[in-house]
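In what follows, a single structure is set out as structure tokens and then discussed.
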Amino acid sequence: MKHARRLVVGTLAAGALALSLTGCGDSAAPTERLAAKTAQPTPATGSATPTASPSAGASDEAYKKWGLTAPLQYAPRPAQKPQIPKPGPGKVPVIDRIPVPADDKVVFLTFDDGAEKDPEFLKMAADLKLPISMFLTDSVASSDYGYFEKIRDNGSASTINNHTLTHPNLRTLSFEGQKKEICGQQERLEKRFGKRPPLFRPPFGNYNDDTLRAASECGVSSLVLWRASMQINNFQYAEGSALKPGDIILAHFRGPGELKGTTETQMATRMLQRIQEQGYRIGRLEDYL
Ligand SMILES: [Zn+2]
């Protein structure tokens, strides 16, 4: 797990610092522009029959409207939460994959930063009842926190979590400096959304021992990384070339300016297609933590 994290960070380090605040250090590289079918949205029929899945209230036809050829599969809340290895005292655990059984093909959606506030994505997330763990950076998301509140409240049980005040590389900061970034955003989010977030993601996936202690002191319960990062058309994997059970997926609130003309909903459709092609269901991260 440690090795994998270094792999992610190492792969991305070169461009990470050059990115704007809207980036998480995993820019959409030109090499990721693989041949992908353009989504062909078809009109919704207006049907609103709820599915049987406990975590999904998506209408039967919503998947067609958003360019999918089959309904999304949602994982029910697990009967028992998986055992997450405990960190040392005063530190939060680092999680990049949920330890589910090898045959439990479930993955988890996370969206970072919050610069782009695409109204079409609001509709898509609500129509498909996507359970999204959002990691928001105050400096880019706060211009319209109401946007993310709508996603939280759309019936999908999506959540709002901490991604620092200003998106710094935490490794360059002192313990106190890191605490300011993490606790500061905990307080901002608590004031705005009425709840202190349980989850924290360090910008660019960069952290050190001070981060784990600072996050713990700020009331965070887990530091969340990722195993697959959605680019424009496809995933970039921390290792291998396919999703694995329990993978946490990273995507961003990004618009055409950062996605080479692709809209956020087109990116999200391709992400969901890739998940479906590999036979995975979508779970709600917080149900497993
Ligand atoms: Zn980020």
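The values are calculated or read from the model by the stated rules, or taken from the named source; none is laboratory data. Note that this is a predicted model, so its numbers are computed, not measured. Cβ atoms come from the backbone with ideal geometry, glycine included; neighbour counts cover every protein chain shown.
A count restricted to the stretch 226-240 and to residues that are in a loop (DSSP other than H, G, I, E, B), more than 15 Å from the ligand (Cβ to nearest atom) and touching an Asp or Glu at 6+ places or on another chain (Cβ under 9 Å) stands at 5.
Just to be sure, is Leu173 of a type in the set (A, V, I, L, M) and within 16 Å of the ligand (Cβ to nearest atom)? Give the derivation first.
On the way: of a type in the set (A, V, I, L, M): yes; within 16 Å of the ligand (Cβ to nearest atom): yes.
Yes.
Pairs linking a residue in the stretch 267-289 that is in contact (Cβ under 8 Å) with a residue 60 or more places away in the chain to a residue that is surrounded by 21 or more Cβ atoms within 10 Å (Cβ to Cβ) and in a helix (DSSP H, G or I), with Cβ atoms under 6 Å and 6 or more positions apart or on different chains, do not occur.
Part of a helix (DSSP H, G or I), more than 16 Å from the ligand (Cβ to nearest atom) and surrounded by fewer than 23 Cβ atoms within 10 Å (Cβ to Cβ): does that describe Leu243? No, not satisfied. Select, from Leu189, Leu223, Leu212, Leu165, the only residue that is buried (at least 19 other Cβ atoms within 10 Å of the Cβ), in a loop (DSSP other than H, G, I, E, B) and among the aliphatic types (A, V, I, L, M). The unique qualifying residue is Leu165.
Scan the stretch 249-259 and tell me whether some residue there is part of a helix (DSSP H, G or I), among the charged types (D, E, K, R) and more than 15 Å from the chain's Cα centre (by Cα). Outline the logic, then answer.
First, pick out the residues of the stretch 249-259 that are part of a helix (DSSP H, G or I): none.
Within the stretch 249-259, none of the residues are part of a helix (DSSP H, G or I), among the charged types (D, E, K, R) and more than 15 Å from the chain's Cα centre (by Cα).
State whether one or more residues within the stretch 94-105 are within 16 Å of the ligand (Cβ to nearest atom) and of a type in the set (Val, Ile, Thr). Checked against the condition, which is being within 16 Å of the ligand (Cβ to nearest atom) and of a type in the set (Val, Ile, Thr), the stretch 94-105 yields no hits at all.
Among residues of the stretch 71-88 that are touching a residue at least 24 places away in the same chain (Cβ under 8 Å) and within 13 Å of Val100 (Cα to Cα), those with a beta-carbon under 8 Å from a residue that is surrounded by 10 or more Cβ atoms within 10 Å (Cβ to Cβ) and among the polar types (S, T, N, Q) at least six positions away or on a different chain give the pairs Ala75/Ser55; Arg77/Ser55; Ile84/Ser222. Among all positions in the stretch 191-203, there is no residue which is of a type in the set (A, V, I, L, M) and in contact with a helix residue (DSSP H, G or I) (Cβ under 6 Å, 6 or more places away or on another chain). Just the residues that are farther than 20 Å from Trp66 by Cβ, crowded, with 17+ Cβ neighbours inside 10 Å and acidic (Asp, Glu), please, taken from the stretch 121-159. Listed by number, the list holds a single entry, Asp138.
Those residues that are in contact (Cβ under 8 Å) with a residue 40 or more places away in the chain, in a helix (DSSP H, G or I) and more than 22 Å from Pro168 (Cβ to Cβ), I need them from the stretch 126-146; list them, please. Of everything in the stretch 126-146, those that are in contact (Cβ under 8 Å) with a residue 40 or more places away in the chain, in a helix (DSSP H, G or I) and more than 22 Å from Pro168 (Cβ to Cβ) turn out to be Asp127, Leu128.
Of all residues in the stretch 260-289, those being basic (Lys, Arg) and part of a helix (DSSP H, G or I) number 2.
Filtering the stretch 60-84 down to residues that are under 17 Å from Glu120 (Cβ atoms) and of a type outside the set (D, E, K, R), which residue is modelled with the lowest pLDDT? Across the stretch 60-84, the extreme among qualifying residues is Ala62.
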